[in-house]
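Student: Dropping a structure here in structure tokens format, bear with me for questions.
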Amino acid sequence: ANPRLRAVLLPVIPNTRAETDPPFAAACERFNELLAKTVADLSSPTSPLLLASPPTDYALPHATYDGTHPNPHGEHRIAAAFATALHQGWAVGGPYRS
């Protein structure tokens, strides 16, 4: 493993299944909790990890083709989340312009 790896991760974004299947929604929420804990536990000065915030304006009917897979609007929202994390966390790039 590369001891100088840097990575940005995005929590699971809920989909239509999460809206209709409470156990699945709970599993997604639990995964995101574990992901946040893992990022905090494994991040180090030589191998920093960032957890991007999910896009706040990611509405399933407008951001996906089918309630799960992002369409161009959703792809831009996800890209903005990564760009924001990179800019705020490591001063890489600038604010995302869609």
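The values are calculated or read from the model by the stated rules, or taken from the named source; none is laboratory data. Owing to the predicted nature of the structure, the values given are computational and were not obtained by experimental measurement. Cβ: placed from backbone, ideal geometry, glycine included. Neighbour counts: every protein chain shown. Ligands, DNA and RNA are excluded from the accessible area calculation, which covers all protein heavy atoms including side chains. Shrake-Rupley method; radii C 1.70, N 1.55, O 1.52, S 1.80 Å.
Student: Pull out the extension gain between Leu42 and Arg4, defined as 0.36 nm times the separation in residues minus the alpha carbon to alpha carbon distance; nm, one decimal. Can you show the working numbers first?
Tutor: Details: separation 38, 0.36 × 38 = 13.68 nm, distance 1.21 nm.
Stretched fully, the Leu42-Arg4 segment lengthens by 12.5 nm.
Student: Between the stretch 1-37 and the stretch 39-98, how far is it from one alpha carbon centroid to the other, in angstrom?
Tutor: If we compute the Cα centre of each part, the gap is 13 Å.
Student: Also, quick follow-up: What do you get for the angle between helix 72-90 and the principal long axis of the chain? Use alpha-carbon atoms, 0 to 90 degrees, nearest ten.
Tutor: Value to nearest ten degrees: 20.
Student: Could you give the longest part of the chain that holds none of the trypsin sites (Lys or Arg not before Pro) found in DSSP loops with at most 12 neighbouring Cβ atoms within 10 Å? Please report the intermediate quantities before stating the final value.
Tutor: Numbers: sites that count: Arg4, Arg97.
Longest stretch, sites excluded: 5-96.
Student: When ligands, DNA and RNA are left out and all protein chains stay put, how many square angstrom of accessible area per residue does the chain have with a 1.4 Å probe?
Tutor: Counting only protein heavy atoms, the per-residue value for the chain is 66 Å².
Student: Next question, about the same structure. Using Cα pairs closer than 8 Å and at least 6 residues apart in sequence, work out the relative contact order for the chain, in percent. Don't jump to the answer; show the numbers that get you there.
Tutor: Working: 117 pairs, mean separation 27.1, N = 98.
Worked out over the chain, it gives 28 percent.
Student: Here's another thing I want to ask about it. For the stretch 20-98, state which GluC sites (Glu not before Pro) are in a DSSP loop and have at most 10 other beta carbons lying within 10 Å of their beta carbon. If you can, show how the numbers build up before the last one.
Tutor: Numbers: sites: Glu29, Glu33, Glu75; in loops: none.
Within the stretch 20-98, no GluC sites (Glu not before Pro) qualify (loop, at most 10 other Cβ atoms within 10 Å).
Student: While we're looking at this one, here's another question. Using the Cα centre as the reference, give the magnitude of the dipole from point charges on the C-beta atoms of the chain (Lys, Arg: +1; Asp, Glu: -1; all else neutral), rounded to the nearest 20 debye.
Tutor: Working: 7 positive and 8 negative charges, 84 e Å.
Around 400 debye, computed over the chain.
Student: Per the 1.4 Å probe, what fraction of the accessible area of the chain, in percent, lies on carbon and sulfur atoms? Could the numbers behind the result be given before it?
Tutor: On the way: 3870 of 6510 Å².
In the chain, the share of accessible area belonging to carbon and sulfur is 59 percent.
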